[in-house]
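Each reported figure results from applying straightforward, stated rules to the coordinates on display, with no laboratory input. Source: prediction; values computed, not measured. As a convention, Cβ positions derive from the backbone with ideal geometry for all residues, glycine included, and neighbour counts pool all protein chains shown.
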Amino acid sequence: MSNDLQEEMNSPTNRRKTFTIPQLLIRKRTSVKIVMVTAYDYSSALLAERAEIDIVLVGDSLGMMAAGHKDVLPVTMDEMVYHVRMVRRGLKRSLLLADMPFGSYQISEELGLANAVRLLKEGGASAVKLEGDAETAPLIKKMVHAGIPAVAHIGVTPQSVNLQGGYPVQGRDEESRQRLIASAENMVNAGACALLLEKIDPAVASHITQSVEVPTIGIGSGSGCDGQVLVWHDLLGLPPGKTYPHVKEYASIGQQIVDALSHYKNDVISGIFPPQEQHTK
Ligand code: KIV
């Protein structure tokens with residue numbers, strides 16, 4: 001499979017344009033929605049590339065989805081670099097966005113900048129994403145100055161799960177609404193190339209979208225955003241039976257895998273696989 005996909009990606013007849021940072025503003029101006037999905041490894045990246053997804057995010061959600069942690073806090077820089085490199089090898093024209101994990105930028109701006117450089121230099125990312133508030137603005141400025149495009153993530157910010165007391169929708173009261181609007185303005189003034197709005201009241205997300213010049217990419221924030229992002233496992237039904245209100249499950253791959261594995265197991269136990277006449281070459 002991977003060889004075919006790789007050949008197709010490299011084929012001269014594949015005319016899809018590479019999605020670059022300047023495209024973000026073009027999409028905003030032309031009202032063409034931006035589509036983003038997470039991916040954590042090479043084969044997922046190949047599939048996202050084949051589906052012509054605009055932006056592939058190596059999110060720190062990999063700590064929960066791929067590593068089985070209860071939240072994103074344990075994810076390290078080395079783990080991020082490792083996954084970003086895998087995804088890099090599967091992408092050609094989709095833009096590769098990499099998350100700054102918890103602890104990689106909160107301690108000092110110098111450390112934040114050095115870690116962002118690692119994601120581009122060692123991982124091959126084209127841009128980084130970090131959770132933002134007024135405190136993050138000076139770091140975003142420094143990143144942009146260093147040539148590193150930065151996406152600011154506001155609303156539910158999973159790295160602040162302890163402060164936010166879980167993942168409750170943000171922007172439902174006036175104080176929270178004003179705080180989000182101010183954060184969005186701060187991030188854009190600092191030079192953020194896009195805003196990721198996670199679980200923000202849809203009316204507030206629409207208001208922010210209409211008032212900033214960079215695109216907003218929403219998750220659980222309604223249809224008024226300039227684009228949408230979903231987590232790979234949620235979109236594909238991996239593992240089976242786990243859904244969230246803001247997610248649309250486009251396939252039940254998890255159940256298909258369980259069925260295939262059970263089929264294989266039964267075939268081995270009953271002697272159907274491998275067939276008697278099968279010879280190794
Ligand atoms: O880490 C992640 O997957 C995210 C989601 C909000 C898309 O940031």
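The magnitude of the dipole of the chain, with charges of +1 and -1 set on the Cβ of Lys/Arg and Asp/Glu and taken from the Cα centre, is near 740 debye.
Considering only 184, 123, 66, and ranking their Cα positions along the charge dipole of the chain that arises from unit charges at the beta-carbon of Lys, Arg, Asp and Glu, the one farthest toward the positive end is 123.
Each stretch of four or more DSSP H residues adds -39500 (n - 2.57); spread over every residue of the chain, this sum gives -13000 deg cm²/dmol at 222 nm.
For residue 129, the residues whose modelled amide H falls within less than 5 Å of its own, excluding neighbours fewer than 5 places apart on the same chain, are 98, 99, 100, 151. Compute the angle between helix 174-190 and the longest alpha-carbon principal axis of the chain, please, reported from 0 to 90 degrees and rounded to the nearest 10. Taking Cα atoms only, the helix is inclined about 90 degrees. Cross-linked pairs 17/199; 129/199; 142/248; 142/199; 33/199: Cα-Cα separations exceed 25 Å for 17/199; 142/248; 142/199. Per-residue Karplus couplings for the stretch 68-75, computed as 6.51 cos²θ - 1.76 cosθ + 1.60 with θ equal to phi - 60°, are listed in order as x, 6, 7, 8, 8, 4, x, 5 Hz, Gly and Pro entered as x.
How high is the relative contact order of the chain? Use alpha-carbon pairs under 8 Å, at least six apart in sequence, and give a whole percent. Across the chain, relative contact order equals 15 percent.
Could you tell me whether the stretch 3-250 comes out rounded, prolate or oblate from its Cα gyration tensor? Rule is a ≥ b ≥ c as square roots of the eigenvalues, rounded for a/c under 1.5, then prolate if a/b exceeds b/c, otherwise oblate. It is rounded, given that a/c, with a ≥ b ≥ c, falls under 1.5. In a fully extended conformation the segment linking residue 117 and residue 172 would gain 16.2 nm over its present Cα-Cα distance, using 0.36 nm per residue.
Packing around the peptides 53-61, 247-255, taken as the average count of other Cβ atoms within 10 Å per residue, puts them in this order, highest first: 53-61, 247-255.
Each other residue within a Cβ distance under 10 Å of residue 273 adds +1 if Lys or Arg and -1 if Asp or Glu, for a net charge of 0. When 65, 187 are sorted by how many other C-beta atoms sit within 10 angstrom of their C-beta, beginning with the fewest, the order is 65, 187. Under 5 Å between amide hydrogens, built in the peptide plane, is the criterion, and for residue 194 it picks out 152 among residues at least 5 positions away or on other chains.
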